[in-house]
Amino acid sequence: MRSVKISRLEAGMVTAETLYNPNNGTVLLPEKTILTDKTIAWLESLQISALNVEGDLAPEELRQPDPATIRVRSSAEFKRFEREHEKTVNLYTASINDFVLKNKMFEPQRLVKALMNLVSGKQYRFNILEMLSNLKSYDDPTYSHAINVALLTHTFGKWLRMSPSELEILTLAGLLHDVGKIMIPEKILKKPSALSHAEYEVMKTHTLKGYYKLKNAEVDPRICEAALSHHERVDGSGYPYGLKGTELSAFASIIGITDVYDAITSPRVYRDPICPFKAIALFEKEGLQKYDPQYILTFLENVASCYLYTDVLLSDGRTGKVIFINRDQISKPTVQLSSTEYIDLCKAPDLYIERML
Ligand SMILES: [Fe+2]
Ligand SMILES: [Fe+2]
């Protein structure tokens, strides 16, 4: 690994560690990202001075756009999904701004119906995770993040086999978890560079602001609680109160996970979608003990299972098919390389899935 000044970066260099947005924890660039001219120009605009990159230039084949990305984005069904998604973002933006800024109650049924219209009764060739990670990046991600977390939360609730009525409330809780952000001054919410300590303290109040706004409107208490506690972590490291273990509600624990997953995988103009196994590895690196074990394992295992029997490129250039998810290390499944050759990535510490094919 070596540190290279931004002005000296070259397309093809590979990041040696994950670069995070210090303001909101979103992943700007995951570890092992191959830099393009577009990415480098964007890093310059962020006024980042240097970046740790790996020693060697990336192999030529890794510089090509991700085949899975091309396949999803060029399909007619994805283009339809993207149009419908944008309409839903616009509907949500109008409803929620009226609610927060003009005290006009939103219509929960209408919002849920619009969300369900995006997912139910449709047989997509691609799973919802692929669709969401391939969407265009929005200038103001506050509203699209709400829609994406609602859809991810709905999917997670189905994996947890929730009843339809509970699933509806959970989906709404996902949609409204960050409603308090609309009450955060724009100069903090949209600040492109790192927040000062004082600004970060203001940003954290979106949990309390959202909670009181929803509570005063007599919204279901489970939704209010999720807005308050979705940044709490079971090991006590979260905010606003540093709650621990069973002090967290089920809805807050669930949305705490989908919120982070969206922050890791949400679309960015300057990079391809993050490979789901790299996203899972980021959770494992952060520490699964931060999350309720009954939820985090179900979530990550189901995410990984969406990619069973999918072709992947390994970090050493070999290709294969994911055939078995290892519960001990979900980011490192067993991959079939040929009709007679298999590799358990758990037993190959230096090897990982580079991208989906
Ligand atoms: Fe939040
Ligand atoms: Fe959020």
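Among the listed pairs 102/191; 285/321; 158/191; 79/158, those with a Cα-Cα distance over 30 Å are 158/191.
Each Lys or Arg adds one and each Asp or Glu takes one away; over the other residues whose Cβ falls under 13 Å from the Cβ of residue 337, this sums to -2.
Counting only DSSP H runs of at least 4 residues, each contributing -39500 (n - 2.57), and dividing by the residue count of the chain, the helix-based mean residue ellipticity at 222 nm comes to -14500 deg cm²/dmol.
Look at the dipole of the chain built from charges on Cβ: of 342, 154, 291, the Cα furthest out on the positive end belongs to 154. For residue 99, the accessible surface of its heavy atoms amounts to roughly 10 Å² (probe 1.4 Å, protein chains only, rounded to the nearest 10). For region 306-356, pairs of C-alpha atoms spaced more than 15 angstrom apart make up 33 percent of the total. So what's the net charge close to residue 186: Lys and Arg +1, Asp and Glu -1, counting the other residues with Cβ under 15 Å from its Cβ? Residues near residue 186 contribute +1 overall. Each other residue within a Cβ distance under 11 Å of residue 32 adds +1 if Lys or Arg and -1 if Asp or Glu, for a net charge of -2.
For region 117-200, averaging the sequence separation of C-alpha pairs within contact (under 8 Å, six or more residues apart) and dividing by the residue count gives a relative contact order of 24 percent. Does region 262-357 come out rounded, prolate or oblate by the C-alpha gyration tensor, with a ≥ b ≥ c the root eigenvalues, rounded set by a/c under 1.5 and, if not, prolate when a/b is larger than b/c and oblate if not? Note, shape of region 262-357 comes out oblate.
Considering only alpha-carbon pairs that sit under 8 angstrom and 6 or more positions apart, the relative contact order computed for the chain is 14 percent.
Measuring nothing but how far apart in sequence close Cα pairs (under 8 Å, 6+ apart) lie, relative to its length, region 189-338 scores a relative contact order of 14 percent. Only protein heavy atoms count here; under a 1.4 Å probe, residue 325 has an accessible surface of about 20 Å². Report the Stokes-Einstein translational diffusion coefficient (µm² s⁻¹, integer) for region 68-274, Rh taken as the Kirkwood radius over Cα pairs, at 4 °C with viscosity 1.567 mPa s. Calculated translational D: 74 µm²/s.
Per residue, the convex hull spanned by the Cα atoms of the chain amounts to 141 cubic angstrom. Ordered from largest to smallest accessible area (heavy atoms of protein chains, 1.4 Å probe), the residues 26, 205 come out as 205, 26.
The values are calculated or read from the model by the stated rules, or taken from the named source; none is laboratory data. No experiment lies behind these values; they were computed from the predicted model shown. All Cβ positions, glycine included, derive from the backbone under ideal geometry; neighbour counts span all protein chains shown. The accessibility values were calculated without ligands, DNA or RNA, using every heavy atom of the protein model including side chains. Shrake-Rupley method; radii C 1.70, N 1.55, O 1.52, S 1.80 Å.
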